[in-house]
Amino acid sequence: MASQLHLPADDSVQLLVTHSNIKTFSADIRFSLQTTVEAVKDKLWKKSGTSMESMRLELYDDTGSKVGDLNEDFRPLGFYSPHNGYRLHIIDLDPTSVTSGGWLEDTSLVEKYTISDEAYNKLDSNFRKFKEKMISQNPTASSKKLPDNYMEDLCANIKVGDRCEVEPGAKRGLVKFVGKAEALGPGFWVGIQYDEPLGKHDGMVKGVRFFQCPPAHGGIVRPDKVKVGDFPERDPFEEEEI
């Protein structure tokens, strides 16, 4: 009789995922042990930007020793006997990948568009002219400032480490920061590490580091946009037809 793969009663495992090109990429992700290696790659492609065709996966135990390569796409993840706390390392084999060269980590490598004040002022319409017009029409509006404790009461039940859902879009993630952020404006803010690359940064905004998360996974919003509770990470395959 052929041997069978016996999975534990808890048919899932939480792994630390790292990336060969993105040194700041580090995420704890839960996988079903019955998920194929191909499906794992598809899920990681959406999080890391490395295409499935260019992705090689290595599994390391909690002591840092290599367990093996996940090189058979049709195998279930459980075939490789991963345990909670093991590390799944993504190696991007494509030298032209969007993840190569540090582009997703060092924004100084990106050529920025600049315009002189003289050329900006010559534009028929720009934000500066719009702002001046609005102030001239309502001179008291610019003097209205939010109090320092703006929305502080809404933070009473929000704490770092909470799972949450953020509007608009019902985006899910993990609370990474709660407090004031003078660089963004008066009052209280909540920093989120989204489960998917739906954010705008890695936890650094306007030169201030509020928290650490993978590139394009970070967002900072007002607390009225955040609902904490039992919001597990969505399985991208849960709505697929079986």
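By its C-alpha gyration tensor, with a ≥ b ≥ c as the square roots of the eigenvalues, how is segment 12-77 shaped: rounded for a/c under 1.5, else prolate for a/b larger than b/c, else oblate? Taking the square roots of the gyration eigenvalues as a ≥ b ≥ c, segment 12-77 is rounded. All other residues whose Cβ lies under 15 angstrom from that of Val37 are scored, Lys and Arg at +1 and Asp and Glu at -1, for a net of -3.
Between Asn157 and Arg234, the C-beta separation translates, for a Förster distance of 30 Å, into a calculated FRET efficiency of about 0.85. Once the chain from Asp117 to Glu196 is taken as fully extended at 0.36 nm per residue, the excess over their C-alpha distance is 24.6 nm. Extension gain, Ala170-Phe79: 0.36 nm per intervening residue step, less the Cα-Cα distance, totals 29.3 nm. Using only the Cα atoms of segment 150-233, build the gyration tensor, take square roots of its eigenvalues as a ≥ b ≥ c, and label the shape rounded, prolate or oblate: rounded if a/c is under 1.5, else prolate if a/b is larger than b/c, else oblate. Judged from the Cα gyration tensor, segment 150-233 comes out oblate (a/c at least 1.5, b/c at or above a/b).
What's the local net charge at Leu88, with K and R +1, D and E -1, over the other residues with C-beta under 13 Å away? So the surrounding residues net to +2. Among His89, His217, the sequence by solvent-accessible area, most first, with a 1.4 Å probe is His89, His217.
The values are calculated or read from the model by the stated rules, or taken from the named source; none is laboratory data. A quick note: this is a predicted structure, and the numbers were derived from the prediction, not measured. No Cβ is skipped: glycine too gets one built from the backbone with ideal geometry, and neighbour counts run over all protein chains shown. Accessible surface areas use protein heavy atoms only, side chains included; no ligands, DNA or RNA. Shrake-Rupley method; radii C 1.70, N 1.55, O 1.52, S 1.80 Å.
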